[in-house]
Each structure stands twice: as structure tokens, then as C-alpha cells.
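Notes follow once the structure below has been shown.
The values are calculated or read from the model by the stated rules, or taken from the named source; none is laboratory data. All figures in this text were calculated on a predicted structure; none of them were measured in a lab. Cβ placement follows ideal geometry from the backbone for every residue including glycine, while neighbour counts extend to all protein chains displayed. Heavy atoms of the whole protein, side chains included, go into the accessibility calculation; ligands, DNA and RNA do not. Shrake-Rupley method; radii C 1.70, N 1.55, O 1.52, S 1.80 Å.
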Amino acid sequence: MAKPIIAIVGRPNVGKSTLFNKLIGERRSIVEDTPGVTRDRIYGETEWRNRKLVVIDTGGIEPKTDDIILKQMRFQAELAIETADVIVFMCDVRTGLTADDKDIAIMLQKSGKPIVPCINKCDRIGDLPFEFYEFYELGFDQEPIAVSSIHGSGSGDLLDAVLDAIPDWEDTEEEDDSIKVAVIGKPNAGKSSIINKMIGSERLIVSNIAGTTRDAVDTKLENEYGKFTFIDTAGIRRSSKINDKIEKYSVLRANMAVERANVCLIMIDAATGITEQDEKIAGIAHEAGKACIIVVNKWDSIEKDNKTVNEYNEKIRTALAYMPYAPIVYVSALTGQRINTLYEHITYVYNQAMTRISTGMLNDVLADATMKVQPPTDKGKRLKIYYMTQISVAPPTFVIFCNDVELFHFSYQRYIENCLRQTFGFKGTPIKLIIRMKGDEG
């Protein structure tokens with residue numbers, strides 16, 4: 001049976017993300033004293049009494065609002081409530097019991113799920129503040145738990161109450177063998193929309209307000225193509241435009257998401273075409289050695305003739321000359337055009353990045369390559385290449401031993417890389433060559 005799922009819900013700015021970070025032991029949710037910072041559902045894992053628990057941090061619930069972002073945050077929280085086995089309902093002792101708290105409590109009681117009321121900001125050691133006892137008025141079966149999410153006090157009592165709500169749960173360890181896919185790009189390129197279309201549900205908030213997705217958000221999916229974990233990331237802006245502190249966190253998260261990923265979908269907006277910022281974003285994935293697919297979104301909005309695709313391909317290949325290995329896919333998140341083909345591309349480039357070639361086959365290719373194009377010389381001294389071996393995957397990494405590293409010019413390295421690609425493919429993945437002098441094998 002899967003791990004039990006705990007959703008932390010409540011009004012904005014009551015400390016949900018701080019508690020979430022404390023429980024999972026890492027700073028994954030953005031914490032800022034600004035209502036509405038956490039917008040999508042963020043997932044993490046914790047362990048208590050030898051049981052593993054999945055914890056969901058949610059955006060604050062505003063029961064009565066017409067604001068588009070706040071309405072969608074409420075929708076995301078409602079999805080988390082549906083998903084959860086136990087709900088931690090967080091309130092703020094400093095503001096006391098509010099009308100919104102009461103409205104949310106009614107909504108939670110209608111869910112039929114076990115609810116653990118959690119009263120945050122009880123920071124003083126000793127007697128609880130008088131305001132704490134107001135929360136008994138909510139009428140839950142479970143008595144309120146006093147916590148301080150900043151200091152971590154009361155979190156053990158909270159987790160005890162959570163586990164007591166599911167006493168018969170059987171925890172089994174599950175190895176995550178999914179392909180992790182980071183969706184990266186400028187704001188408004190359609191990253192969340194692509195994931196929503198691929199998984200067939202409104203998993204991520206989608207709006208045309210730049211900067212909507214601020215955290216990296218994971219979505220797991222299994223279908224006929226395999227197992228996938230999609231990591232939606234905040235749109236990466238130009239550094240000069242990153243003024244507020246929260247946005248800086250988001251760019252950091254996007255970089256972290258690339259590090260976690262096996263495959264990166266680099267989203268390009270067909271309407272604006274490829275920009276300098278797109279080049280920099282793609283460079284993050286390339287430098288990290290990740291398998292990449294260039295996804296041109298909003299293709300339905302472009303007027304086309306029989307030259308349009310070739311013209312776009314040429315512009316992209318020129319701008320991203322450092323990653324000619326990455327396939328280009330033209331899609332529309334709005335209409336669903338060619339969305340399902342992305343699964344095949346993801347699986348293919350992932351397998352290419354994980355390819356291992358035997359030393360014997362590599363040296364056959366190397367011998368053929370050096371016979372066709374002689375290694376370079378400098379001042380009468382010729383480069384001698386002795387042998388090549390593969391030392392790792394993702395990206396495929398090869399060590400080539402020679403007589404003089406200085407003689408192994410970049411142009412000849414690129415020639416060897418092209419020979420490897422012509423023979424073995426490696427489509428969608430960078431290749432790393434490490435040049436060493438023979439005898440320097442330590």
C-alpha cells in the first residue's frame with residue numbers, strides 16, 4: 001500500500017510552508033511573510049514512528065474571493081484535500097479564530113476525512129495563550145494541537161495525532177523508478193499548460209499572469225509509455241528583471257529542478273520565437289548534462305506554409321548551436337496537438353542518455369575515425385590516441401587516453417563526438433569527453 005498522504009491547509013500566511021519545511025527537513029516550500037506565496041501543491045516526505053508519510057503544502061484558502069489567483073489556490077487546496085488521507089488544518093493563535101477559519105472548517109468537515117487542527121505560533125514555553133482555547137469552538141473530534149512551526153515545538157504531538165488517525169496503515173517502501181522531467185522556460189511559455197494537457201487534469205495553476213508558478217512542483221504519472229515525474233518550474237526571467245526576493249528563490253528552484261531531472265523539456269513560445277533568454281535557459285540544462293527536448297508551444301497560433309517549420313528549425317539550430325543533439329517538437333498545449341508524442345521523445349532521449357557502449361565497440365569506432373581523419377600535429381609532434389572507455393551515463397561520459405592532452409584540440413574532440421553520434425545515436429543527450437595522458441589513470 002502507498003504511503004499515507006497528509007495535506008496542510010488553512011488561511012494564507014498562518015505558517016503552513018514553515019511547518020512543511022520543518023517536517024520534511026529541507027527548505028523546499030518558499031517561505032515569505034507575504035500572503036499567497038505558496039500557490040500550487042508542494043510534495044515532500046517525512047518519517048515518524050518508523051512510518052513514512054507524504055506531506056502536501058498548499059496555497060492558502062480564501063473562502064470568499066473573486067481574485068483569479070486566490071480562486072485557483074483554493075481549487076488546488078481542494079484537490080489536495082481530496083487526495084489526502086489526513087488533513088492538518090492550521091490556524092494562527094495570534095489572529096485568533098476568524099470567520100474564514102470557521103468557513104474552512106465547515107468545508108473540511110464535509111470532506112469526511114480525519115482532521116487534525118493545528119494552532120500555530122504558540123511560541124511561548126509554558127501556559128498556552130487564552131486565544132488557543134477559542135479553537136475548540138470548531139468542533140473537531142481531535143483536540144487542537146499547539147505548535148510553533150518556526151521552532152518545531154509541538155510537531156511530534158502533531159505527527160502522533162496524524163498517525164493515530166490512520167492506525168491500521170501499512171507502510172511499504174517504494175523505489176522511485178520514474179523518469180524525472182523538468183519543464184523549463186521563460187514565464188508564460190506554457191509549462192504548466194503542457195503538463196496539465198499531458199496528464200489530463202488541472203494539476204497546476206494556469207493563468208496568463210507571468211510568474212504564477214513559483215515553486216518546482218512534482219506530478220507523478222504512469223501510462224503505457226512508462227512512469228514519469230513531471231517537475232513544473234517557475235519561469236526564468238532575465239536577471240535584471242528579478243527584483244523581488246520571491247522571484248529570486250523561484251529561479252534558484254528552477255536550477256535545482258534541472259539538477260533533479262533526467263530529461264528537460266525546454267519550452268519555446270512560438271509566438272515570440274526563440275530569444276536570448278531562451279538560449280540561456282537551454283544552456284542551464286546543457287551545462288548540467290541533461291537529456292533535452294526543445295518544445296515549441298503555441299504552434300496553433302502561427303500562420304504556416306511549407307517553409308515555416310524549416311525556417312523555425314534553422315533559427316533554433318542557429319541560436320542553440322551548442323546543442324544540435326536535441327530534437328525539436330512542435331506542439332499546442334491549447335489544442336493538444338502532438339502532445340502525446342512527447343512521451344515517446346522523453347522515453348527515447350532518456351534511454352539514449354543511459355546508453356552504455358562496450359570498450360571494444362568504442363575502440364573500433366575510434367580506430368576507424370583516426371584512420372579517416374589523422375589526429376592533428378603541432379611543431380612536428382603528432383597526437384596519438386591509445387584507447388577510449390565509457391565511465392558513466394547521463395550524460396554518456398568517455399575517457400580518451402593519448403600521448404599529449406595539449407595536442408587534442410577542441411575541433412578534433414568534436415570530430416570524435418560526431419563519429420560516436422553517427423554510430424551510436426545519443427540523440428537528445430550531451431556527450432562528455434575527458435582527455436587524459438596515458439598513465440594518468442588515477
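Which condition does GLY96 not pass, out of (1) assigned to a loop (DSSP other than H, G, I, E, B); (2) open to solvent by 10 Å² or more (accessible area, probe 1.4 Å); (3) not aromatic (Phe, Trp, Tyr), if it passes all the others?
(2)
Starting from residues that are in contact (Cβ under 8 Å) with a residue 60 or more places away in the chain and either in contact with a Cys (Cβ under 7 Å, 6 or more places away or on another chain) or surrounded by fewer than 20 Cβ atoms within 10 Å (Cβ to Cβ) (or both), keep the ones in the range 307-333 and report whichever is nearest to SER411 (Cα to Cα).
MET323
Inspect the range 171-182 for any residue being at pLDDT 85 or above, more than 17 Å from the chain's Cα centre (by Cα) and open to solvent by less than 10 Å² (accessible area, probe 1.4 Å) and give the result as yes or no.
No - not one qualifying residue is present in the range 171-182.
Here are some conditions: (1) part of a helix (DSSP H, G or I); (2) at pLDDT 75 or above; (3) surrounded by fewer than 19 Cβ atoms within 10 Å (Cβ to Cβ). VAL54 meets all but one. Which one does it not meet?
(1)
Answer yes or no as to whether GLU131 is open to solvent by 60 Å² or more (accessible area, probe 1.4 Å), part of a helix (DSSP H, G or I) and over 26 Å from TYR43 (Cα atoms).
yes
Condition (residue is assigned to a loop (DSSP other than H, G, I, E, B), among the basic types (Lys, Arg) and either open to solvent by less than 30 Å² (accessible area, probe 1.4 Å) or at pLDDT below 70 (or both)) applied to the range 27-35: is it met by at least one residue?
yes
With the checklist (1) closer than 20 Å to PRO63 by Cα; (2) in contact (Cβ under 8 Å) with a residue 24 or more places away in the chain; (3) hydrophobic (A, V, I, L, M, F, W, C) in hand, flag the one item ALA146 doesn't pass.
ALA146 satisfies all of (1) closer than 20 Å to PRO63 by Cα; (2) in contact (Cβ under 8 Å) with a residue 24 or more places away in the chain; (3) hydrophobic (A, V, I, L, M, F, W, C) except (1).
What is the number of the single condition among (1) open to solvent by less than 40 Å² (accessible area, probe 1.4 Å); (2) at pLDDT below 85; (3) touching a helix residue (DSSP H, G or I) at 6+ places or on another chain (Cβ under 9 Å) that ARG238 does not meet?
(1)
Just wondering, is there one or more residues in the range 163-170 that are modelled with pLDDT under 75 and among the small types (Gly, Ala, Ser)?
For the range 163-170, residues modelled with pLDDT under 75 and among the small types (Gly, Ala, Ser): absent.
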